[in-house]
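**Student:** Sharing a structure with you now.
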Amino acid sequence: MKSLYDPSELVGTPAFLRGKFGVDRPEPHQMESWRLAEVRQFHSSPIFAIRNYFRTADKASNLVAIQPFAGQAILDVCIESQRRKGYPQRVVGVKSRQVGWSTWSLGRMLHNSMKRNRRGMFLVPDEDVAAVMATRMGTMVNSLPLFLQPMRRIDNVKHVVFDNPNRKDRIDNPGLASEMQIVVPSPMRGIPPQFLVVSEYSHMESEDQYEVSSSIVPAIPLTENTCVIIDTTANGFDDFYHPMVMDAMEANPKWCARLEHSKRPYTAEQLLAGELGEPNRPDAGYDI
């Protein structure tokens, strides 16, 4: 099966630049064109950006590149099957209890928020989880190369605003006017996010579940620049998550059958290379 991704998206930055320019190192007068190509590839391809530029801390507190495991690769294929066809991205996941599962969603939110006039929101079940995710987000932003780091007007633990901090020249050089928040659900009104991650929805308190399902998700426009990711470990039956999973499975029977009946475990690279294909109905609503 054909991969969704162009081969240049699945390689490291040095290999990408060699493929584009044919040599390993630029001459001094070529530096600007090399840097421009690098920045364009970063912004056009979420997977290229996350794998090559975003960092997270391992158990020994060393900064390491974020490389997807199989479950995260499945999530990325689902999102890209919709994004590349111009559909709103809507993905519901039934995830295993694997440490770092939500890191990929956090990386995609950061990549989305590094475009102009974007708002990303990451909903978590409690403040302890919010603190952990905020630390990961800060690591990703601060470990970016300086030429890729946007200006930041607000940069606290759970809220980042990519904007010019200098009032004197903000009109002429405004910055991105984008922001990211990591919060626990609460009565939320106002401008909805374009990128929403709902982490561990099935484990939230019932009033928080209601706030998410009745106020936040319905307010997000059904446009090609919006994305909703609901990733949670299963927790029995409810009125929102369980029916959504069932609907997504019914809309994508061949995709789900291939996932369920695969005779061998797939690696992330095999999934990204297209060995499992992609969901049947990217236009049907939520993929799984």
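**Student:** Could you count how many residues in region 34-59 are polar (S, T, N, Q), modelled with pLDDT under 95 and either farther than 20 Å from residue 149 by Cβ or touching an Asp or Glu at 6+ places or on another chain (Cβ under 9 Å) (or both)?
**Tutor:** So the first thing to find is which residues in region 34-59 are polar (S, T, N, Q), and the list is 41, 44-45, 52, 56.
Filter once more, keeping what is modelled with pLDDT under 95: 56.
Retained after the next criterion (residues that are either farther than 20 Å from residue 149 by Cβ or touching an Asp or Glu at 6+ places or on another chain (Cβ under 9 Å) (or both)): none.
Residues in region 34-59 being polar (S, T, N, Q), modelled with pLDDT under 95 and either farther than 20 Å from residue 149 by Cβ or touching an Asp or Glu at 6+ places or on another chain (Cβ under 9 Å) (or both): 0 in total.
**Student:** Name every residue in region 231-259 that is in a strand (DSSP E or B) and among the β-branched types (Val, Ile, Thr), in order of residue number. Reasoning before the result, please.
**Tutor:** Filtering region 231-259 down to residues in a strand (DSSP E or B) leaves 231-232.
Hit for region 231-259 is 232, nothing else.
**Student:** Continuing with this model, one more query. If I filter region 11-39 down to residues being among the basic types (Lys, Arg) and farther than 20 Å from residue 142 by Cα, which single residue comes out as most open to solvent (accessible area, probe 1.4 Å)? Explain how you work it out, then say what you get.
**Tutor:** Taking region 11-39 and keeping what is among the basic types (Lys, Arg), we get 18, 20, 25, 35.
Pick out the ones that are also farther than 20 Å from residue 142 by Cα and you get 18, 20, 25.
Details: 18: 109, 20: 121, 25: 201 Å².
By that ranking, first place goes to 25.
**Student:** May I ask you to verify whether residue 96 is polar (S, T, N, Q), surrounded by fewer than 20 Cβ atoms within 10 Å (Cβ to Cβ) and touching a Gly at 6+ places or on another chain (Cβ under 7 Å)? Full working, then the answer.
**Tutor:** Details: polar (S, T, N, Q): yes; surrounded by fewer than 20 Cβ atoms within 10 Å (Cβ to Cβ): yes; touching a Gly at 6+ places or on another chain (Cβ under 7 Å): yes.
For residue 96, the condition - polar (S, T, N, Q), surrounded by fewer than 20 Cβ atoms within 10 Å (Cβ to Cβ) and touching a Gly at 6+ places or on another chain (Cβ under 7 Å) - is met.
**Student:** Provide a single number: the residues in region 76-106 that are farther than 23 Å from residue 219 by Cβ and either under 12 Å from the mean Cα position of the chain (by Cα) or at pLDDT below 90 (or both).
**Tutor:** First, pick out the residues of region 76-106 that are farther than 23 Å from residue 219 by Cβ: 76-77, 80-81, 84-85, 94-101, 103-104.
Applying the additional criterion that residues be either under 12 Å from the mean Cα position of the chain (by Cα) or at pLDDT below 90 (or both) yields 76-77, 80, 94-101, 103-104.
Residues in region 76-106 being farther than 23 Å from residue 219 by Cβ and either under 12 Å from the mean Cα position of the chain (by Cα) or at pLDDT below 90 (or both): 13 in total.
**Student:** Six or more apart or on different chains, Cβ under 6 Å: which pairs go from a residue in region 245-274 that's open to solvent by less than 90 Å² (accessible area, probe 1.4 Å) to one that's of a type in the set (Lys, Arg)? Could you list them?
**Tutor:** 251/281; 252/281; 274/2
**Student:** Do any strands (runs of 3 or more DSSP E) entirely within region 124-205 hold 1 or more residues that are of a type in the set (Phe, Trp, Tyr), buried (at least 18 other Cβ atoms within 10 Å of the Cβ) and on the phi < 0 side of the Ramachandran plot, and if so, which? Show your work before the answer.
**Tutor:** On the way: elements: 159-162, 178-183, 195-199.
Ranges flagged: 159-162, 195-199.
**Student:** Within region 74-89, work out how many residues are out of contact with any helix residue (DSSP H, G or I) (no Cβ under 7 Å at 6 or more places or on another chain), open to solvent by 10 Å² or more (accessible area, probe 1.4 Å) and outside any loop (DSSP other than H, G, I, E, B).
**Tutor:** The number of residues fulfilling the criteria is 1.
**Student:** Condition first: buried (at least 20 other Cβ atoms within 10 Å of the Cβ) and hydroxyl-bearing (Ser, Thr, Tyr). Can you find one or more residues in region 58-70 that meet it?
**Tutor:** Taking every residue of region 58-70 in turn, none turns out to be buried (at least 20 other Cβ atoms within 10 Å of the Cβ) and hydroxyl-bearing (Ser, Thr, Tyr).
**Student:** Kindly indicate which of 111, 29 is assigned to a helix (DSSP H, G or I) and either within 30 Å of residue 164 (Cβ to Cβ) or of a type in the set (A, V, I, L, M) (or both).
**Tutor:** That would be 111, the only listed residue that is assigned to a helix (DSSP H, G or I) and either within 30 Å of residue 164 (Cβ to Cβ) or of a type in the set (A, V, I, L, M) (or both).
**Student:** Determine, yes or no, whether residue 228 is hydrophobic (A, V, I, L, M, F, W, C), under 25 Å from residue 43 (Cβ atoms) and not in a helix (DSSP H, G or I). Steps first, please.
**Tutor:** On the way: hydrophobic (A, V, I, L, M, F, W, C): yes; under 25 Å from residue 43 (Cβ atoms): yes; not in a helix (DSSP H, G or I): yes.
Here the answer is yes, as residue 228 does meet what is asked.
**Student:** A further question on this structure: Does residue 2 meet the test of being surrounded by fewer than 12 Cβ atoms within 10 Å (Cβ to Cβ), in contact (Cβ under 8 Å) with a residue 12 or more places away in the chain and basic (Lys, Arg)?
**Tutor:** Values: surrounded by fewer than 12 Cβ atoms within 10 Å (Cβ to Cβ): yes; in contact (Cβ under 8 Å) with a residue 12 or more places away in the chain: yes; basic (Lys, Arg): yes.
The answer is yes for residue 2.
**Student:** Now a separate question. If I go through region 206-242 residue by residue, how many of them are of a type in the set (Asp, Glu), open to solvent by 30 Å² or more (accessible area, probe 1.4 Å) and within 22 Å of residue 81 (Cα to Cα)? Please lay out each step first, then the result.
**Tutor:** Initially, region 206-242 is screened for residues of a type in the set (Asp, Glu), giving 207-208, 211, 224, 231, 238-239.
If we keep only those that are open to solvent by 30 Å² or more (accessible area, probe 1.4 Å) as well, we get 207, 224, 238-239.
Filter again for within 22 Å of residue 81 (Cα to Cα), leaving 224.
Qualifying residue count, region 206-242: 1.
The values are calculated or read from the model by the stated rules, or taken from the named source; none is laboratory data. Quick caveat, the model's predicted, so the values are computed rather than measured. Don't worry about glycine lacking a Cβ; one is built from the backbone with ideal geometry, like all the others, and counts go over all protein chains shown. Ligands, DNA and RNA are excluded from the accessible area calculation, which covers all protein heavy atoms including side chains. Shrake-Rupley method; radii C 1.70, N 1.55, O 1.52, S 1.80 Å.
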